[in-house]
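Attaching a single structure in C-alpha cells format; questions to follow.
The values are calculated or read from the model by the stated rules, or taken from the named source; none is laboratory data. Computed from a predicted structure; not experimentally measured. Glycine gets a Cβ as well: all are built from the backbone with ideal geometry, and neighbour counts include every protein chain shown.
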Amino acid sequence: MKILLTRPIEDSQRIANDLKELNINSVISPLLEIHRKRDEEIDYKKYQSVLITSKNAAFGLCGSAIKKSLPIYCVGDATSSFIANLGFSNVISASGDVSDLIRLTAANLKPSKGPIVYLSGQYVRYDIKKELEYLDFEVDVSVIYEAKEIQYFNVDMLKSLEKKEITGVFLYSPRSARIFIDNMKRTKLTAVAPDLKVYCISLAVADELKELKWKKVLIAQKPDNAEMLALVREK
C-alpha cells in the first residue's frame, strides 16, 4: 500500500510521517506551490479580530507588531495549533469548515466592536467577506499568499504508478482535485483511475472527481487530517 500525497511539500512531508507511523508508505507529488504575496505591515490595532482559513495565511502574522492577545479565529484545529505555537494566546478554532468559521465568528463577535481582517489566499472558494458583511460586520481582506498550480506529476510519482505501487490518493481541496484530473489527462493516465482509492477531505472534493471512475471514493467525516488518516486505517 502506497499513498500519493498532493499537498504543498511541507504539508505533505508531515502527512508522510503520520502515515509512516501507521506502516504506510507514501510518495509526494504536490499539486500546489505556496508563494508569499505581500510583505507590508497590516495595522492590526484597528481590528477586533483576525480570520484565517489556512495555515499559509499565518505568514501575515509573522514579524508584525500584532498583539499576541488579539483574537484569531481559525477554520480548523491544525491551523489554530500552528498559530498558538507562534505565541498567540487567544486562538479560537471552528473545528470544521468555512461555514463553521462564519457561524462561530458571528456568535462570538459584534459588528459594533470594530472591523475584522481576513488573511486569505489568492484563490478562495467561499466569499467570507460577503457572508459576514451580510451580518453587518465590516471585513477587510488581505491576500497573504498564492497557491500556484503545478501542471505535472514528478518522476517519483510516475515511477510508483508505473510499478502499480500507488493504491490511493489524498486530496484536500476541490481545486486540487481538478488539477489532479487535469494532470491525469495531460499525462494520459486516466486509465489507472479505476485502480485508485481517493481519500477526500470533504464532499466538495469528491464532487470534483465524478468525471472519472475510481476504485473507491472515501470522504472524511470531519475536514481535518486526523479523519483522513482514519479513512486509511479502515482500509
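Would it be correct to say that LEU19 is outside the structural domain of THR105 (by TED's automatic domain parsing), of a type in the set (A, V, I, L, M) and within 20 Å of ASP77 (Cβ to Cβ)?
Yes; evaluated as a whole, the condition is true for this residue.
Could you tell me whether any residue of the stretch 36-53 is modelled with pLDDT of 90 or more, farther than 19 Å from LYS129 by Cβ and in a loop (DSSP other than H, G, I, E, B)?
Within the stretch 36-53, not a single residue is modelled with pLDDT of 90 or more, farther than 19 Å from LYS129 by Cβ and in a loop (DSSP other than H, G, I, E, B).
Within the stretch 89-115, which residues are under 21 Å from the mean Cα position of the chain (by Cα) and part of a loop (DSSP other than H, G, I, E, B)?
ALA94, SER95, GLY96, ASP97
Right, next: Going residue by residue through the stretch 120-129, is there one that turns out to be part of a helix (DSSP H, G or I) and not assigned by TED's automatic domain parsing to the domain that holds THR6?
Yes: the stretch 120-129 contains one or more residues that are part of a helix (DSSP H, G or I) and not assigned by TED's automatic domain parsing to the domain that holds THR6.
Read through the list (1) within 23 Å of the chain's Cα centre (by Cα); (2) modelled with pLDDT under 95; (3) crowded, with 16+ Cβ neighbours inside 10 Å, then give the number of the only condition that LEU161 fails.
(1)
So, of the residues in the stretch 12-41 that are surrounded by 16 or more Cβ atoms within 10 Å (Cβ to Cβ) and without any contact (Cβ under 8 Å) to a residue 60 or more places away in the chain, which turns out to be nearest to the chain's Cα centre (by Cα)?
SER12
Follow-up question, since we're still on this one. Determine whether the stretch 55-71 contains at least one residue that is at pLDDT 90 or above, over 24 Å from ILE15 (Cα atoms), surrounded by 21 or more Cβ atoms within 10 Å (Cβ to Cβ) and over 13 Å from the mean Cα position of the chain (by Cα).
no
Considering the stretch 130-181 alone, what residues qualify as being closer than 26 Å to ASP43 by Cβ, touching a helix residue (DSSP H, G or I) at 6+ places or on another chain (Cβ under 6 Å) and part of a helix (DSSP H, G or I)?
Result: GLU131, single match.
Residues being outside any helix (DSSP H, G or I), among the acidic types (Asp, Glu) and under 19 Å from ILE15 (Cβ atoms): count how many of those fall in the stretch 182-235.
Residues meeting the conditions: 2.
Table: residues versus (1) touching a Lys or Arg at 6+ places or on another chain (Cβ under 8 Å); (2) modelled with pLDDT under 95; (3) crowded, with 21+ Cβ neighbours inside 10 Å; (4) under 25 Å from MET228 (Cα atoms).
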residue: SER95; (1), (2), (3), (4): yes, yes, no, yes
residue: LYS110; (1), (2), (3), (4): no, no, no, no
residue: SER120; (1), (2), (3), (4): no, yes, yes, yes
residue: ASP136; (1), (2), (3), (4): no, no, no, no
residue: LYS148; (1), (2), (3), (4): no, yes, no, yes
residue: GLN151; (1), (2), (3), (4): yes, yes, no, yes
residue: ARG178; (1), (2), (3), (4): no, no, no, yes
residue: ILE201; (1), (2), (3), (4): no, yes, yes, yes
residue: LEU209; (1), (2), (3), (4): no, no, no, yes
